[in-house]
Amino acid sequence: MKLGDRVSWLMGTLQRHLFPRLEECGERPLTEKERQLASILEVLQVEKFVPWPGHRFGRKPCERQALARALVAKAVYNHPHTRATLEALRGSPVLRRLCGFVRRADIPSEATFSRAFGEFAALGLGERVHEALVAQWLKPELVGHISRDATAIEGREKPQAKVRPPKPAPRKSGRPRRGEVREPQPETRLQRQAGQAAAEALAELPVHCDVGTKKNSKGYRETWIGYKLHADVSDCCLPISAALTAASLHDSQVAIPLMKLSSARVDYLYDLMDAAYDAKPIYDVSRGLGHVPIIDKNGRGRKVVPLAPHEAARYRERTVAERFNSRLKEEFGGGNVMVRGAMKVRLHLMLGIIALFADQLLKLMS
């Protein structure tokens with residue numbers, strides 16, 4: 001069954017069975033936002049990825065499945081902090097039932113939410129759900145273009161002091177003398193990544209809060225404290241893979257591991273990237289994986305060679321990555337990161353990414 005047919009069947013099931021039963025239990029019609037949340041939770045089924053606690057004695061932990069659904073609701077409603085989610089749960093019986101809390105007294109405290117969030121972050125809950133979504137909905141399909149881009153994520157913590165590596169000894173210029181042995185040129189990170197697995201290459205990248213700087217679309221320099229989110233996005237604005245790094249890391253340093261990660265998850269044809277990714281190892285790895293790299297040229301102070309007309313036509317599809325970044329920040333919590341530490345920031349963003357994935361999937365039929 002094709003992707004469109006599967007999404008159409010899912011939408012029909014929600015309209016005919018789920019929404020009428022929810023309205024019958026709530027004794028009122030669902031609002032548009034409640035329908036959106038119910039649809040997203042039905043697509044994600046995040047509770048299946050939450051392990052059942054093995055405690056036999058002592059105080060029983062709160063229902064972790066309901067807490068996971070409530071954290072997804074926090075991303076869908078774009079709440080700035082957990083207190084806003086708790087107030088919404090206490091004030092809306094329909095929202096409580098959607099998340100899995102039967103009574104108002106079942107809603108846990110803010111401290112319990114925080115502990116559960118830390119457990120989910122250590123578990124890698126967001127990555128597990130996202131990988132399963134891509135395998136379920138996109139693995140059987142052929143994806144045309146993968147648009148790769150990075151976006152700034154502002155943090156609420158003190159940046160780490162940058163440790164500058166010692167300067168290497170100056171190399172002698174000119175040809176070596178007879179019998180002189182010189183050390184070979186050190187291998188760059190991009191050259192090393194070409195022979196590494198995706199997980200190994202990502203593990204070497206810095207992941208901490210620091211200061212990032214880049215030029216915006218108008219050419220002005222912007223600076224922020226926090227992180228940087230790198231994402232591969234399909235033509236339908238569905239995120240295929242994502243990685244969180246330090247804000248100061250250059251975009252090109254994440255291209256090769258993301259390329260390998262996306263290639264293992266889906267079959268696609270073209271790699272679309274802006275001028276920040278214009279480097280020979282990235283071209284070589286893309287072609288070695290069976291893709292066609294279309295990368296905007298970086299003149300590096302010289303005259304820029306424009307893309308060929310057929311490449312420029314395909315390159316215009318890359319705007320889907322900018323739409324993904326905009327939706328994540330404005331609608332799914334990417335613009336208000338209140339947690340601290342890379343592990344928790346990653347979960348916060350991944351909850352927004354999987355919610356966006358489910359919402360965008362359902363939008364394909366509208």
(message) So if I check each of 274, 296, which one is closer than 23 Å to residue 216 by Cβ and over 22 Å from the mean Cα position of the chain (by Cα)?
(response) 296
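Given the residues 345, 339, 305, which is the only one that is open to solvent by less than 60 Å² (accessible area, probe 1.4 Å) and either at positive phi or at pLDDT below 95 (or both)?
339
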(request) Could you tell me whether any residue of region 314-323 is over 30 Å from residue 15 (Cα atoms), acidic (Asp, Glu) and open to solvent by 90 Å² or more (accessible area, probe 1.4 Å)? (result) yes
(request) Identify the single condition in (1) more than 18 Å from residue 231 (Cα to Cα); (2) free of Cβ contacts under 8 Å to residues at least 12 places away in the same chain; (3) of a type outside the set (A, V, I, L, M) that residue 297 does not satisfy, given that it satisfies every other one. (result) (2)
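Among the residues of region 199-208, are any charged (D, E, K, R), more than 22 Å from the chain's Cα centre (by Cα) and open to solvent by 70 Å² or more (accessible area, probe 1.4 Å)?
no
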(request) Quickly run through region 248-276 and pick out the residues that are touching a Lys or Arg at 6+ places or on another chain (Cβ under 9 Å), open to solvent by 30 Å² or more (accessible area, probe 1.4 Å) and aliphatic (A, V, I, L, M). (result) 276
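Of everything in region 222-247, what is surrounded by fewer than 12 Cβ atoms within 10 Å (Cβ to Cβ) and out of contact with any Ser or Thr (no Cβ under 6 Å at 6 or more places or on another chain)? Give them in sequence order.
If the condition is that a residue be surrounded by fewer than 12 Cβ atoms within 10 Å (Cβ to Cβ) and out of contact with any Ser or Thr (no Cβ under 6 Å at 6 or more places or on another chain), then 222 is the only one that fits.
Pick out the one residue from 162, 158, 172, 139 that is basic (Lys, Arg) and closer than 27 Å to residue 321 by Cα.
Numbers: 162 fails: closer than 27 Å to residue 321 by Cα; 158 fails: closer than 27 Å to residue 321 by Cα; 172 fails: closer than 27 Å to residue 321 by Cα.
Going through 162, 158, 172, 139 in turn, just one is basic (Lys, Arg) and closer than 27 Å to residue 321 by Cα: 139.
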(request) Report yes if some residue within region 138-146 is open to solvent by less than 10 Å² (accessible area, probe 1.4 Å), closer than 23 Å to residue 331 by Cβ and at pLDDT 95 or above; otherwise report no. (result) yes
(message) Quick check on this structure: which one of 192, 164 is of a type in the set (D, E, K, R) and either farther than 30 Å from residue 211 by Cα or surrounded by 12 or more Cβ atoms within 10 Å (Cβ to Cβ) (or both)?
(response) 192
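The values are calculated or read from the model by the stated rules, or taken from the named source; none is laboratory data. Quick caveat: nothing in here was measured; it's all calculated off a predicted structure. Virtual Cβ from ideal backbone geometry, glycine too; neighbours counted across all protein chains shown. What goes into the accessible areas is simple: the full protein's heavy atoms, side chains included, and nothing from ligands, DNA or RNA. Shrake-Rupley method; radii C 1.70, N 1.55, O 1.52, S 1.80 Å.
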